[in-house]
Amino acid sequence: MSTDRLDAQTILVVEDEPFILLEIQRILEEVGARVLAARSVQEALALLAAEPITASILDYRLQGGTADDLCHQLTARKIPFVIYSGYTNVEGECNKWEIVSKPADPQLLVTRVLSVLVASALPGPQCP
């Protein structure tokens, strides 16, 4: 594992497949992140309202729909995120952010989360 660290970061992971969720959680915790896990948009929105989240990893296609509403909420709150999905037709607000195709090397997810965190901390126009 590289020296990339996510210490002091609270990452919201939204994934409806339990084994994928556990794997992402394990990887992020190994690099120092505090992980909040949600299996639905509703669970994620509740966590978003209650917790100080610094970044997120979202599956685009979830049971009962897509993560588009959540993408809008994260963007409005200036919380950077990465879409991690096997679904290639990502639309709406979610399409404006970093997309990582499933399956991916776990270190790639860490690197992408770090890159959106760094980009969001830079002065000037933010992405998106």
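Taken together, the values in this text are just the output of simple stated rules run on the coordinates, not laboratory data. Quick caveat, the model's predicted, so the values are computed rather than measured. A quick note on method: Cβ atoms are made from the backbone with ideal geometry, for glycine too, and the neighbour counts reach across all protein chains shown.
What's the local net charge at C94, with K and R +1, D and E -1, over the other residues with C-beta under 13 Å away? Could you put the intermediate results ahead of the total?
On the way: positive: R61, K96; negative: D59, D68, D69, E91, E93, E98.
Surrounding charge for C94 is -4.
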Problem set entry | Pairwise label distance in nanometres, D4 with T88, each label 7 Å out on the Cα-Cβ vector | 2.4
Seminar exercise, completed: Residues I27, I20 in order from fewest to most other beta-carbon atoms within 10 Å are I20, I27
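Determine, for each peptide in 83-92, 9-18, the mean count of other beta carbons within 10 angstrom over its residues, then list the peptides with the highest first. Walk me through the numbers on the way to the answer.
On the way: 83-92: 15.7, 9-18: 20.6.
In decreasing order of mean packing, 83-92, 9-18 become 9-18, 83-92.
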Exercise. DSSP H helices in the chain with Cα extent of 15 Å or more along the helix axis and mean Kyte-Doolittle hydropathy at least -0.5?
Worked result: 18-30, 106-121
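Could you please rank S120, S101, placing first whichever residue has the fewest other Cβ atoms within 10 Å of its Cβ? All intermediate terms of the calculation are to be shown ahead of the outcome.
Values: S120 15, S101 12.
With the sparsest Cβ surroundings first, the list reads S101, S120.
Could you give the Stokes-Einstein D for segment 10-120 in µm² per second, using the C-alpha Kirkwood radius, 37 °C, 0.692 mPa s?
Numbers: Rh = 13.5 Å.
Translational diffusion coefficient: 243 µm²/s.
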